[in-house]
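The values are calculated or read from the model by the stated rules, or taken from the named source; none is laboratory data. If you're wondering where the values come from, they're calculated on a predicted model, not measured in any experiment. Cβ placement follows ideal geometry from the backbone for every residue including glycine, while neighbour counts extend to all protein chains displayed. When the accessible area is computed, the model is the full protein with side chains, heavy atoms only, and any ligands, DNA or RNA have been set aside. Shrake-Rupley method; radii C 1.70, N 1.55, O 1.52, S 1.80 Å.
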Amino acid sequence: MLEFAEARDVNRKTLFVEVILPLAIAKNYTYRVPFELNGTIAIGKRVVVQFGKSKLYTAVVSAITENPPEKYEAKYLLEILDDRPVVTERQLLFWKWLGEYYMCYDGEVMNAALPSALKLASETKIVLNKGFEYDKATLHDKEFLIVEALEIQPELTISDIAKLLSQKTVMPLLKGLFEKNIINISEEVSDRYKPRKRTFLTLNPAYQGQDNLKELFGILEKRAPKQADAVLAYLKLARHQKTISKNELIEESGAGSASINSLIEKEVFIAEEKNVSRLFFEAEDLDADFELSPQQQAALTGIKQQFDDKDVVLLHGVTSSGKTQIYIRLIEEMIAQGRQVLYLLPEIALTTHIIERLRQYFGAHIGVYHSRFNDNERVEVWQKVLNNEYKVVLGARSSVFLPYADLGLIIVDEEHETSYKQFDPAPRYNARDAAIFLANMHQGKVLLGSATPSFESYFNARTHKYGFAELTERYGGVELPVIEVVSIAEETRKKTIQSHFTSVLMADIQTALAHKEQVILFQNRRGYAPVLLCKICAYTPKCINCDVSLTYHKHTGKLHCHYCGYKEDTPAICPACGSTHLEYRGFGTEKVEDELSLLLPGARITRMDLDTTRSRNSLQNILNDLEEKKIDILVGTQMVAKGLDFADVTVIGIINADSLLKYPDYRANERSYQMLAQVSGRAGRRGKQGKVVIQTYDPAHRVIKQVIENNYSDLYFTEMEERRAFHYPPFYRIINLDIKHKNPDILHNQAIYLGNELRKHFGEERVIGPQVPLVSRIRNYYIQSIMLKFEKDGVSINKVKAGIRDIITQFQTTKLSKGGIVQPDVDPY
């Protein structure tokens, strides 16, 4: 009776919830909880709320209180969507920290963190998942109406569905249809998820008796011995496993697909297509049978000792030194302790390449999470992490947002990579830095790994803020590649260059092909030609939305903008002067591939850049083909520089190193060294010494010499002197403000105003700008930038950010701010 009375008292209480809406608003909104929902409301659950006049949103409960809001009357929340919280309280604290550190709103963090299917709004568009089969008889009446309406009209908003059913909220119904995989969010359709299907075989019951089976073998052995082998292999497999896939039977019997199909046609086997999990294969026997080299063992021991008093350790290991094997040993220890591990990689390309390798050791314990997954898949991973089903998560930067229960270790591989930084939209976070805070919340440790560490991490290691371990030798005693620098100017003068390929590079490519080895060529620009130029009047086609020239792409025959996606037909006649003398200037990966195919007609050449890897499986297919030696030469952008490990790649060609070295940025030398060293590291990784050819107009450049000598420390100390002198990280913190407006004159006045206010508050020497960036207009917004520099010692960064927020808020109250956007970017590396 006492318990019943207490429950009744809870239901009588007037409760209010503070919720995070998926909107860029400065404060979280408060709603009243209907009495009948008092017993089920909880922090971290999703609720449906009305915001504004009529729009419905999915919000996340961040706090529960009995105090109503003071300035407005709280509306009632409409529905609770979850039986249990989908966001943990620890996650909510992490979101709060991200919002405060990177100067954005909680709603913007929520938008980045949650898969779209977990944050439906009234304007969200819904479509049927046409790649999925289901039985309509299993649907409820209202679910049936929704599906029937989507069959007639392929795309409906949630508002449309609410009108159709004559009810205010339909979120719970849609949640059920999502879980049944019947509907998708509209933006997912172009990359629609199709469940992984496999054909499973069972022996026809008619042949399960000894006599019938004996008779069958007698017939097959005379007429179709391969089919007899297949049946025999099936019986052998059936002793040890309940389900046998067609692929397994082909592999076990060596009979071939045609033989199995014949047995299916003869009804010896009954074939059934089944959906298998999208996220992992069946658990395999774990194979941890490898030995660490003495240097690897010393590094592993050092890392574990330093974890006693350091939360972060930097592992500086040359390319192909076996860092992954050290990671595996540390992951094994965490799994043995019952804790979770997050393994961060900068590129989706790396997750697809390394996942199968790690599955050899951890089987079905490992999950994968990145932006190429559609919404249904991301929700499935989210739920599995929430339920603690995955012990290891391998993912790109967005995987820091998953609902971990107990993170013992975060590994940040290739920690120097710029891909860890999100540039748009907010939060403009760096996953490496966010991972350090996240691990600290879980009392876990962080291992940063790189052959070319960022200067910030290396500085922190040298000043003993981080621990430090080093691998100076390649695993297995393989030598670092020979690097040869070739002068493009000299070869052009001697007329020995063919198209964009020097005689040295061509000779090395031909030698590699003759030995059945593979080649990777690096050109950090996609498309065919970056500029189309009229030889008479110098006219160049430009994007109508951005301040950039259009790039010619041969595969579409169109001119493309790489900033906003605008396309237009390639003119045959100059629109300015009417001349037909138009020519392409510069070159990208498409032109390299095209011209190389003319010079080496027998070579199998493939390109790996954003254009060839847009579809879901295209990237994996390219990597598989490279591994299976179906590709002789891979031409690519920076994708090819990041962690790829193939045994037969022995020659690397860097087509033009100057595009990296001449970039106007204080990090240009650091980034150039990292890119050149990482690309070079793809050569000769398994037993054979590789060869790297760097083509440049400036062979004497300091950074190129440092790459040849593998002299990272010389680069570091030289650059540190300049950074100290000119007030750059790691000695100073940088915060950028981008001011945007569609009118350049209004923008100029807004930027001047903000610059003056910031100078008044922080002083003249700390504020640089406003100034116009290299690309001064993107998507019809003109841009000006202000850079703020603050000493790391003696200055409270929290007070600095509070001051900047106050100035931006004050600016937004003025008439001058109308139509303007101010975007803070903290640590804009």
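General observations
- Those residues of region 25-49 which are open to solvent by 50 Å² or more (accessible area, probe 1.4 Å) and among the small types (Gly, Ala, Ser), in sequence order: Ala26, Gly39
- When region 673-685 is filtered for residues that are modelled with pLDDT of 85 or more, over 21 Å from Phe731 (Cβ atoms) and open to solvent by less than 10 Å² (accessible area, probe 1.4 Å), only Leu676 remains.
- Number of residues in region 50-100 that are farther than 21 Å from Lys163 by Cα, outside any loop (DSSP other than H, G, I, E, B) and either in contact with a helix residue (DSSP H, G or I) (Cβ under 7 Å, 6 or more places away or on another chain) or open to solvent by 50 Å² or more (accessible area, probe 1.4 Å) (or both) equals 13.
- Selection of first residues in region 257-272 that are exposed (fewer than 15 other Cβ atoms within 10 Å of the Cβ) and of second residues that are among the aromatic types (Phe, Trp, Tyr), restricted to Cβ pairs under 6 Å at least 6 apart or on distinct chains, gives the following pairs, ordered by first then second residue: Glu272/Phe200.
- Phe811 assigned to a strand (DSSP E or B) and aromatic (Phe, Trp, Tyr): no
- Boolean, Ser245 is closer than 30 Å to Ile331 by Cβ, in contact with a Phe, Trp or Tyr (Cβ under 9 Å, 6 or more places away or on another chain) and at pLDDT 80 or above: yes
- Residue within region 755-766 that is open to solvent by less than 40 Å² (accessible area, probe 1.4 Å) and closer than 22 Å to Cys546 by Cα present: no
- Residues satisfying the stated conditions in region 748-792, i.e. farther than 16 Å from Arg733 by Cα, touching a residue at least 60 places away in the same chain (Cβ under 8 Å), in a loop (DSSP other than H, G, I, E, B) and of a type outside the set (Ser, Thr, Tyr): Leu774, Val775, Arg779, Asn780
- Residue in region 97-110 that is at pLDDT 90 or above, touching a Ser or Thr at 6+ places or on another chain (Cβ under 8 Å) and among the hydrophobic types (A, V, I, L, M, F, W, C) present: no
- Whether a residue is under 32 Å from the mean Cα position of the chain (by Cα), farther than 30 Å from Lys558 by Cβ and either buried (at least 18 other Cβ atoms within 10 Å of the Cβ) or at pLDDT 90 or above (or both) was assessed, and Glu491 does not pass this test.
- Members of region 312-337 found to be over 20 Å from Gln443 (Cα atoms), open to solvent by 30 Å² or more (accessible area, probe 1.4 Å) and among the β-branched types (Val, Ile, Thr), listed by number: Thr324
- Filter result for Phe144 (part of a strand (DSSP E or B), at pLDDT 80 or above, hydrophobic (A, V, I, L, M, F, W, C) and open to solvent by 20 Å² or more (accessible area, probe 1.4 Å)): no
- Residue in region 468-483 that is modelled with pLDDT of 90 or more, of a type in the set (D, E, K, R) and either open to solvent by less than 70 Å² (accessible area, probe 1.4 Å) or touching a Phe, Trp or Tyr at 6+ places or on another chain (Cβ under 7 Å) (or both) present: no
- Complete set of residues in region 101-114 that are closer than 20 Å to Arg432 by Cα, part of a helix (DSSP H, G or I) and of a type outside the set (D, E, K, R): Tyr101, Val109, Met110, Asn111, Ala112, Ala113
- Lys688 falls short on exactly one of the conditions (1) in contact with an Asp or Glu (Cβ under 6 Å, 6 or more places away or on another chain); (2) closer than 12 Å to Leu480 by Cα, and that condition is (1).
- Within region 434-454, the set of residues being out of contact with any strand residue (DSSP E or B) (no Cβ under 9 Å at 6 or more places or on another chain) and surrounded by fewer than 22 Cβ atoms within 10 Å (Cβ to Cβ) comprises Phe437 only.
- Failed criterion for Pro530 (all others in (1) free of Cβ contacts under 8 Å to residues at least 12 places away in the same chain; (2) in contact with a Lys or Arg (Cβ under 8 Å, 6 or more places away or on another chain) hold): (1)
- Scanning region 284-340 for residues that are hydroxyl-bearing (Ser, Thr, Tyr) and modelled with pLDDT of 90 or more, we see that the one that is farthest from the chain's Cα centre (by Cα) is Thr301.
- If you go through region 390-427 and pick out every residue that is surrounded by fewer than 23 Cβ atoms within 10 Å (Cβ to Cβ) and among the basic types (Lys, Arg), you end up with 2.
- Condition broken by Tyr361, with the remaining ones in (1) of a type in the set (Ser, Thr, Tyr); (2) modelled with pLDDT under 85; (3) within 24 Å of Pro824 (Cβ to Cβ); (4) not in a loop (DSSP other than H, G, I, E, B) satisfied: (3)
- Complete set of residues in region 511-539 that are polar (S, T, N, Q) and surrounded by 15 or more Cβ atoms within 10 Å (Cβ to Cβ): Gln518, Gln523, Asn524
- Verdict on Gly218 being modelled with pLDDT under 80 and more than 30 Å from Asn376 (Cα to Cα): no
- Residue-level analysis places Ser159 outside the set of residues that are small (Gly, Ala, Ser), open to solvent by less than 70 Å² (accessible area, probe 1.4 Å) and under 22 Å from the mean Cα position of the chain (by Cα).
- Filtering Ala137, Ala117 for residues that are open to solvent by less than 20 Å² (accessible area, probe 1.4 Å), modelled with pLDDT under 85 and part of a helix (DSSP H, G or I) leaves a single hit, Ala117.
- Among the residues of region 120-134, those identified as open to solvent by less than 30 Å² (accessible area, probe 1.4 Å) and not polar (S, T, N, Q) are Leu120, Ala121, Ile126, Val127, Leu128, Gly131.
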